[in-house]
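S.K.: Structure provided below as structure tokens; questions to follow.
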Amino acid sequence: MVIGPQQSGSDLTFRRHAIEIAQSTAEIIGFDVIITDTEGIIVGASDSRRIGELHEASLEVMTDRRGSSTSEEEAKKLKGTLPGVTYPISSISGGIVGSMAITGDADKVRPFALIVKKQIEILLKEREFFERAENREHILQDFIQDLSTFVPGVSNETMLLARASEFRYDRTWIYVPIAIDLYQFGRFAVEIRKRHIQKEGEKPEVIIQNVKRKILLEIRKIFNGPKDISMMESNNRFVVLHAVKPAEPNASSSNCPAEAIKKGHNLLEKVMAEGLNAAIGIGSPSLGIANLAEAYKESWRALTLGKKFMQGPGVYCIDDYRLEEMISTLAPSVRNRFILSSLKGLREQPDWEDLKETIKSWCEGGFSVVKTAKNLHLHRNSVLYRLEKIKNCSGYDLKDFRTCLNLYTALVLDRFLGPGNKE
């Protein structure tokens, strides 16, 4: 029978699992069981030869929405019907999605009928809940994909906003996008496969999937606001659209909220408790779907830049990597020329690593000898000696702001071009 477009999700779920439910139920009670669709066609049966036949007794049962018994004499008059009892089956919403019948003497099989009916409805509801959840996750993944490829003035903002609203997105609230990447998860998965491949019991892939589901559950426990949206984007990546607060007129909110950073560290602790680690990127607070799309891309850039410069897991806010974000867009030839020009005479020095840390600390410490000495755990005279050496080797005076800006930027570029830790 062709499945018509008028059939609901409950009907399709019911049909999909009818054979399995009929066979497993019959094995338990010891009587033949059939399951029909709303048109009385048998879609599941412990005796597979009956599938596709019309079970005429089911039609009246589904119309009246109550069970009935069929004697041998009555069965002879009804097409595809054997003696027994028949009951309608309801979906989660209360609609009739089909019927079930147990074959045998009505008095003997009737005690089983209501139990079997309830059991089938419970199984149906469980699977319908599961399939709805799975379907929702797929739709949510599609929405995030559309968000990641959104182009202002080209993409359909109205349509994207309508889809976002299905997942509790509120256009009047400020959202902070958060990207989560399980760090070195591939290595963890390999270890699980090695450990369990030869063992009886749970399969390695099931264990790996359960770990990722547990991480998603932890994410949803932490980012549990009524307007928060979270999902698993791919194998070991997750996304959160964290609703911070309603937008205020003329209010500016460009920095990463402390609450989002705190929640990020909380999540990192939960992930570490599972024997894993994560890199977490936080984008800018945004109002409106177009701004959210750009901030979403920022969250992944923050994650990538944080991993690159910090060489490991952690919580990285895009606001802390604006310079790195900007210079990462430069053409490689421009980067290389700037590095070679700015660091000439310094990189060849045998104590280049010490000189590099001195320049970095000097700039980040506000050009203060005292702060630089404290940060490097050196005597102030040692700092003065290094500053003088830098001037002698390169001709750069670190008391000049523009010189410091060039050197600091060159160091950031040099680190960006350097090798990262392999995951």
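S.K.: Can you tell me which of Ser58, Ser69, Ser24 is within 14 Å of Tyr87 (Cβ to Cβ) and either surrounded by fewer than 20 Cβ atoms within 10 Å (Cβ to Cβ) or free of Cβ contacts under 8 Å to residues at least 40 places away in the same chain (or both)?
M.R.: When all the criteria are applied, what remains is Ser69.
S.K.: Output yes when any residue across the stretch 398-413 is of a type in the set (D, E, K, R) and crowded, with 17+ Cβ neighbours inside 10 Å, and no when none is.
M.R.: no
S.K.: Given (1) of a type in the set (D, E, K, R); (2) under 21 Å from the mean Cα position of the chain (by Cα); (3) outside any loop (DSSP other than H, G, I, E, B), where does Glu128 come up short, assuming only one miss?
M.R.: (2)
S.K.: Among the residues of the stretch 72-112 satisfying the criterion of being among the aliphatic types (A, V, I, L, M) and in a strand (DSSP E or B), which is surrounded by the fewest Cβ atoms within 10 Å (Cβ to Cβ)?
M.R.: Here the answer is Ile96.
S.K.: Does the stretch 146-158 include one or more residues that are in a strand (DSSP E or B) and hydroxyl-bearing (Ser, Thr, Tyr)?
M.R.: No.
S.K.: Check the stretch 133-145 and report whether any residue there is polar (S, T, N, Q) and touching a strand residue (DSSP E or B) at 6+ places or on another chain (Cβ under 9 Å).
M.R.: For the stretch 133-145, residues polar (S, T, N, Q) and touching a strand residue (DSSP E or B) at 6+ places or on another chain (Cβ under 9 Å): present.
S.K.: Just checking, how many residues over the stretch 310-331 are closer than 12 Å to Glu298 by Cα and either part of a loop (DSSP other than H, G, I, E, B) or aromatic (Phe, Trp, Tyr) (or both)?
M.R.: 2
S.K.: Just checking, does the stretch 264-282 include any residue being assigned by TED's automatic domain parsing to the domain that holds Lys221, under 27 Å from Arg163 (Cα atoms) and not hydrophobic (A, V, I, L, M, F, W, C)?
M.R.: yes
S.K.: Could you go through the stretch 166-179 and let me know if any residue there is farther than 26 Å from Thr304 by Cα and part of a strand (DSSP E or B).
M.R.: yes
S.K.: For the stretch 366-382, state whether one or more residues are in contact (Cβ under 8 Å) with a residue 40 or more places away in the chain, part of a helix (DSSP H, G or I), farther than 30 Å from Leu268 by Cα and in contact with a helix residue (DSSP H, G or I) (Cβ under 9 Å, 6 or more places away or on another chain).
M.R.: No, that holds for no residue.
S.K.: Still on this structure, I have one more. Filter the stretch 264-293 down to the residues that are part of a loop (DSSP other than H, G, I, E, B) and surrounded by fewer than 17 Cβ atoms within 10 Å (Cβ to Cβ) and list them by number.
M.R.: Glu274, Gly275, Gly288, listed by residue number.
The values are calculated or read from the model by the stated rules, or taken from the named source; none is laboratory data. Fair warning: this is a prediction, and the values are worked out from it, not measured in the lab. Please note: Cβ atoms are built from the backbone with ideal geometry, for glycine as well, and neighbour counts cover all protein chains shown.
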